[in-house]
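Read the structure below first, then the notes.
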């Protein structure tokens, strides 16, 4: 298998050694044999490593093993604890926002659906018209422009009201209005997902002007699916999703700063732990790659500091993320330079 995958297998082998060392601090070799054997089976499975992508995340207990094959690199880390370490996975999935793509070339349209990593064609019902001719029907210019030839004239002559260019522009506007209505009623109204326009740049201003689709984003992509190809489109989409994510984070950080004076936000770890246990956290920002070893006592709402190598000890920040998610709060993993504070954690409270 490819060299990158060989390297991944070697990295995994070293992580298994770390896991074994951590478990042996509390358990006998006999007690940990089953779980270690499970990891060794993965380590020695060459067919598995041939199919891995940019990274993997493995969550294992004595009863089950869950493997995520990921399309972006994540931090190399092995943690043995009484709960799963999920911060890297939260960071990965926070950019996997679902969206829809309206591909329109002036004569027909298509809908695609994807996230930060995948993009698939949406099969529309056969009853839904998809081309300009199907959508406009008898209103289509070609249906009321007639062709004829006269003595001495070898080319076809068009009969109709107005010039051909003017009629084509009228058709285009009618087509766009109908497409916008069809897409909203049959797609956006049901999915409620952001819709991104993919069309030649000459169509952007007209379509955005006539659109009544509240889910249509205002930053279209220039080109068509056929001209750009899926790989290039996915790059555009990834950039667009990150831009939307950054706008959302900036608004939340602004809210965080505004609430500091009213004590409805905080960057004090002890305060945030207590608020998390009480279910008072609406939003929590956690610094990427920062680890604070220890455990949260859910009864006393206090922190118990311990060595991360201990097999029952995880990262306090990771525990905060899990508690917040369990109580329907939002968790964002940010780079150090993007955090609103230097403490490694910050939260907005519900009350």
Checklist line | Simple label model, 7 Å out from Cα along Cβ direction - residue 63 to residue 124, nm | finding: 4.7
Notebook entry, point to check: For the residues 27, 215, 92, what sequence is obtained by ranking on other C-beta atoms within 10 Å, fewest first?
Noted result: 27, 215, 92
Checklist line | Linear extension gain, residue 33 paired with residue 45, 0.36 nm per residue minus alpha-carbon span | finding: 2.5 nm
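In nm, what is the difference between 0.36 nm times the number of residues separating residue 76 and residue 298 and their Cα-Cα distance? Each step should come with its number before you reach the end.
On the way: separation 222, 0.36 × 222 = 79.92 nm, distance 2.89 nm.
Full extension of this stretch gives 77.0 nm more.
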Checklist line | Cα centroid separation - region 187-239 against region 78-124, whole Å | finding: 16
Next item on the list: Please arrange 38, 195 by counting, for each residue, the other beta carbons lying within 10 Å of its beta carbon, fewest first.
Entry: 38, 195
Checklist line | Distance in nm between pseudo-label sites at residue 53 and residue 254 (7 Å out along the Cβ direction from Cα) | finding: 3.4
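Highest mean first, how do 107-120, 227-240, 281-294 rank when packing is the count of other Cβ atoms within 10 Å averaged over residues? Please list the in-between numbers first.
On the way: 107-120: 17.6, 227-240: 15.1, 281-294: 20.0.
Taking the mean over residues of other Cβ atoms within 10 Å, the ranking is 281-294, 107-120, 227-240.
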Notebook entry, point to check: On full extension of the chain, what length is gained from residue 326 through residue 201, given 0.36 nm per residue of separation minus the C-alpha to C-alpha distance?
Noted result: 40.6 nm
Checklist line | Angle between the chain longest axis and helix 29-43 axis [Cα atoms, degrees, rounded to 10] | finding: 30
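In the calculated pair distance distribution of the chain, what percentage of Cα-Cα distances lie above 27 Å? Show your work: numbers first, answer last.
Working: 38168 of 61425 pairs.
Here the long-distance tail beyond 27 Å is 62 percent of all Cα pairs in the chain.
So what's region 263-349 giving for Rg/Rh, alpha carbon basis, Kirkwood Rh from the mean inverse pair distance? Mind dumping the intermediate values first?
Working: Rg = 12.0 Å, Rh = 12.8 Å.
That ratio is 0.94, to two decimals.
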Notebook entry, point to check: Where in region 196-217 does the label zone of residue 185 land, with the point 7 angstrom along Cα→C-beta and an amide N cut-off under 14 Å?
Noted result: 212-213
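Between residue 214 and residue 246, what FRET efficiency follows from the Cβ-Cβ distance if R0 is 22 Å, with the result rounded to 0.05?
Details: r = 22 Å, r/R0 = 0.99.
Calculated value: 0.50.
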Margin query: Report the Cα-based extents of region 1-127 along its three principal axes, largest first, to the nearest Å.
Written below: 69, 32, 26
Notebook entry, point to check: How big is D, in µm² s⁻¹, for region 3-78 by Stokes-Einstein at 4 °C and 1.567 mPa s if Rh is the Kirkwood radius over C-alpha pairs?
Noted result: 99
Next item on the list: Round to the nearest 10 and give me the degree value, 0 to 90, for the angle of helix 316-326's Cα axis relative to the longest principal axis of the chain.
Entry: 50
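Read the figures in this text as sums done on the coordinates, not as results from a lab. Computed from a predicted structure; not experimentally measured. Heads up, the Cβs are rebuilt from the backbone with ideal geometry, glycines too, and the neighbour counts pull from every protein chain shown.
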